[in-house]
Every structure is written in structure tokens, then in C-alpha cells.
Amino acid sequence: MAIVLGAIADDFTGATDLANNLVRAGMRCVQAIGVPTAEADIGDVDAVVVALKSRSCPAGEAVTESLSALEWLQARGARQIFFKYCSTFDSTDAGNIGPVADALLERLGSAQTVMVPAFPANRRTVYQGHLFVGDRLLNESGMEHHPLNPMTEADLVRFLSRQTPHAVGLAAQPVLARGADATRDHLRGLSEQGVRHVICDTLDERDLEVLAEALVDYPLVTGGSGLGQALPEQYRRRGWLDEVSEPGRLSPAAGSALVLSGSCSRATLGQVDHFLEHHPGFALNPLALAEGESHLAEALAFAREYLADGGPVLVYASADSQRVKEAQAALGVERAGREVEQAMGQLARTLVDEGVGRLVVAGGETSGAVVSALDVRQLRIGGQIDPGVPWTQAPLAGRAAPLSLALKSGNFGAEDFFTRAFTVLEELTAGEGSA
């Protein structure tokens, strides 16, 4: 069965973020972990989001994986392709946003695409080509301290120009304010001037609606998940998408409750502190993990003690920037990250095998490690916990009930996210609503 939208996401939580908005806008959606096999059964859905781990890998590798995902999505008849990256545009001067977008455009035979990272519901906006997080420029928002992709430039036209040999332009807010036709004409004019990539100002939901209407016929759109909430209405207007009742319905949840947190973002650090005021938690130390298996064994023993009563319990490597730097200085950036990811993956695999059925994971890299360790291939997208973060369910071999899984981008969620997530899951799977 042909799908309407095929999306390629450069990390796992970003994929879930987009899939969440598609479901909320009325599309039945599956998230695939990695490029599915040729014979993969995705069921009766309107959209597929292929989650890659390509945000911070070498640019050539990111391009190869993205083109492979494109080929699979095209074979399923996708009418439009969406390249999804973070709403904070985090990447480096070498890529991977520019190189991947260029490769997808070339394969699709298209002359132009747009860059719409904004997600106003999560206070990510773009004005005059500058990305804001709340009321702060990107490079003053805390993202300048990102451990993998520090963002020290808020001017996205200037920043993206360092990633691509092609011209980068701007669709400024005064153009969008004149509506979809004016925006479409502006984009066409830029294309005639040879502008291949267009950064789009976006201040609110109305701007997203204008962009969605102007871009519905583009073979390729790129951006954060905000645009995903506006596109489905345009698909319905074209007759590509039917009305669906409860697109985010999930099965009843079962099993004990666990939170694994590897993100060091400001939002996640606040969520960890809030959780620890009400529930038990164990802090993972990368330096101790590097010394041998005893530290991980302590974490397992701690988690098992509290999971025996159903949980929730938290195991976290989230730490402030100073402690992160200390670990990276002692172990190296790559090894420090690898120690945490491997530990989180092993914790997830062991504890899910022992009965965890409700699992929240914070951080893109941590989420990637966990779903890989659990050999999750596909996620059915359910209802939302907070903007950008839904509950999902994954079938696992040997389990009668699916695993309920929430993958949270580090910067997303309210302060009480970890505690409230499990209450929301009960409501969603008890028939009180789903999207």
C-alpha cells in the first residue's frame, strides 16, 4: 500500500518527535529503526519515519544511509519526502544537514528545498534567518555547550552556507505574512536565481500553515517536526489522506516502569532533579564504568530492588557541563559517550528481559543505544506526553504484550516529564484518549 509521506530522521528521538506530530494531525504512522528490509511489513499506515543515527557520523556515511532510506520509501510510493533534523539545527561546519539535503535533492531530481527547523510549540523559532530557543539566540541558549555539536552560530543562512557549495537564501517573515501564494512565488524567484536551500522564518503556527500550503508539491522538504503538524491538512485537501479515527491508539500497557537518562541538556537535568524528589535514582559515572563491570552491576542491583515493586526508578548519566568535560578529558569524548551508551543498552536489555514493560529514555544517543540493544525494528506511534514526545509500542520476540517506550529528545518535556509520563500512559491505554 502506498504511503503519503516518507521521512528520514537523523536520530531516534527526532524521528519520534516528527511521528508524534503526524499522528496528532491525523496520520497513522510507524517509525522504523534503521532502513527496513525489503519485505518489512509496516501495516496499514499513511506515513513512515525511518530513524537513522546519522546526525554526528561522518558526512559520507550519513549520505549513504539517507539515500538507502530514500530508496526504500520511494519503493513504497511516498508522495513527499521529509528530511528531519533537530529544531536546534545542531550539526557541524562539515555537515550533516547540507550534504544529506544535497544528496537527496540530486537523487530526486529537484532544484530546491527548504529548511524549516522551527517548532513554535517548543519555543524554537526563526526570525530573519536567526534561530531562537525561547527568547535567546541559539548560540546563547546552552546549545553552545553541546558535547557533540556545539552551536556557536545562530544565523542559519551563514551556518548552512559552510556545509554546502550551493547558494542558501531566506524566506523572511514579511513574505510569509502575505500568504502561501506569495511565499511560493518568492521561492520560485530564488530558485530562478540558483538558490538551492532556503531558510524559512517561522514565528508561530500560522507561519507553519502557510509554509505547508506553499510546499505541499515539493518533492523534498526538510526541517524540525513543527512542519510535520501542518502538512497532513494539506494532504487531506489534495485528497491524498482520509480522515482516521484515533490514529494513535495503543494496546494496554504492562510491566514495571524504568527511566534511563543520558542527556545532559538543561531540560533533562531539571527533569532528573524533579524525579529524584519523588522516586529513587542511581547516577552512572563514565569514569567508574570505564574501570570495570562493578559499577554497572551496582546500577542493576539498585534498579532491581525498586522494580520489584513496579517502579518507577531512574538510572541516569545526566550531568552538568563541568562533570561532562571532566569525563571527556579523562577518557576522550568518544569513549566517554560510548561507555554511557553501552551501559544504557545493557541495562535496557537486561531489565526488559526481567519484566520492564514501560520504559522512558532521554537523549538521542541514549535512545539509539537502547533501541539497538533491544533489537527494536518498528514503533507504532501513540498519544503525546509533552510536545514532541509520544508514547510508542514495539513488539518484541518472546513477549505477549508490546513494550511501551517513550524516546525523549534531551531538550523536550516539562520539568515533571519523567513522573507524569507513566500517568499519561495509563490514560492513553485505558481508552480515555490517544492523540
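The values are calculated or read from the model by the stated rules, or taken from the named source; none is laboratory data. The model shown is predicted, which means the values in this text are computed figures rather than measured ones. Quick reminder, even Gly has a Cβ in these numbers, built from the backbone with ideal geometry, and neighbours come from all protein chains shown. The protein model used for the area step is the full one, side chains on, heavy atoms only, and it has no ligands, DNA or RNA in it. Shrake-Rupley method; radii C 1.70, N 1.55, O 1.52, S 1.80 Å.
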Cα centroid separation - segment 187-224 against segment 368-414, whole Å: 30 Å
Rounded, prolate or oblate, given the Cα gyration tensor of segment 139-187, with a/c below 1.5 counting as rounded? oblate
Restricting to Cα pairs under 8 Å and 6 or more apart, the percent relative contact order of the chain works out to 19 percent
Hey, in the GNM for the chain with a 10 angstrom Cα cutoff, which one of Val272, Val126, Val195 fluctuates hardest? Val195
Hey, any idea what % of segment 1-144's accessible area is carbon plus sulfur with a 1.4 Å probe? 48 percent
A 1.4 Å probe over the protein heavy atoms gives segment 375-435 a carbon and sulfur accessible-area percentage of 45 percent
Per residue accessible area in Å² of segment 151-206, where ligands, DNA and RNA are left out and the probe is 1.4 Å: 45 Å²
In segment 1-77, the GluC sites (Glu not before Pro) that fall in loop regions by DSSP, at most 15 other Cβ within 10 Å: Glu39
Length gain on complete extension for the stretch Glu334 to Ala94, per 0.36 nm per residue less the alpha carbon to alpha carbon distance? 84.6 nm
If you restrict to DSSP beta bridges whose two residues both lie in the chain, what percentage is antiparallel, to the nearest 5? 30 percent
Cα lying deepest toward the dipole's positive end in the chain, options Pro147, Pro117, Trp240, charges on Cβ: Trp240
So with the 1.4 Å probe, I'd like the accessible area per residue for segment 46-97, rounded to whole Å². 30 Å²
Return one whole number: the accessible area per residue of segment 363-408 in Å², for a 1.4 Å probe. 29 Å²
Run the quick spin-label model on Arg188 and Ser245: label points 7 Å from Cα toward the beta carbon, then report their separation in nm to one decimal. 4.3 nm
Classify segment 340-409 from the C-alpha gyration tensor, please: rounded if a/c falls under 1.5, else prolate or oblate depending on whether a/b exceeds b/c. oblate
For the charge dipole of the chain, defined by +1 on Lys and Arg C-beta atoms and -1 on Asp and Glu C-beta atoms about the Cα centroid, which residue among Gly34, Gly281, Ala362 has the Cα displaced farthest towards the positive pole? Gly34
Pop the C-beta distance of Glu140 and Ala400 into the FRET formula with R0 = 45 Å and round what comes out to the nearest 0.05. 0.35
Residue with peak Gaussian network fluctuation, the chain [Cα springs, cutoff 10 Å], from Gln346, Gln393, Gln384: Gln346
Explain nothing, just compute: Karplus ³J(HN,Hα) = 6.51 cos²θ - 1.76 cosθ + 1.60, θ = phi - 60°, for every residue of segment 269-279 in order, whole Hz, x for Gly and Pro. 4, x, 5, 4, 4, 5, 4, 5, 6, 10, 9
Rank Ala51, Ala257, Ala401 by mean-square fluctuation in a GNM of the chain with C-alpha springs under 10 angstrom and give only the top-ranked residue. Ala401
When only C-alpha pairs under 8 Å and at least 6 residues apart count, what is the relative contact order of segment 7-84, in percent? 42 percent
Taking all protein chains as present, what is the carbon and sulfur share of the accessible area of segment 196-339, in % to the nearest whole number, probe 1.4 Å? 46 percent
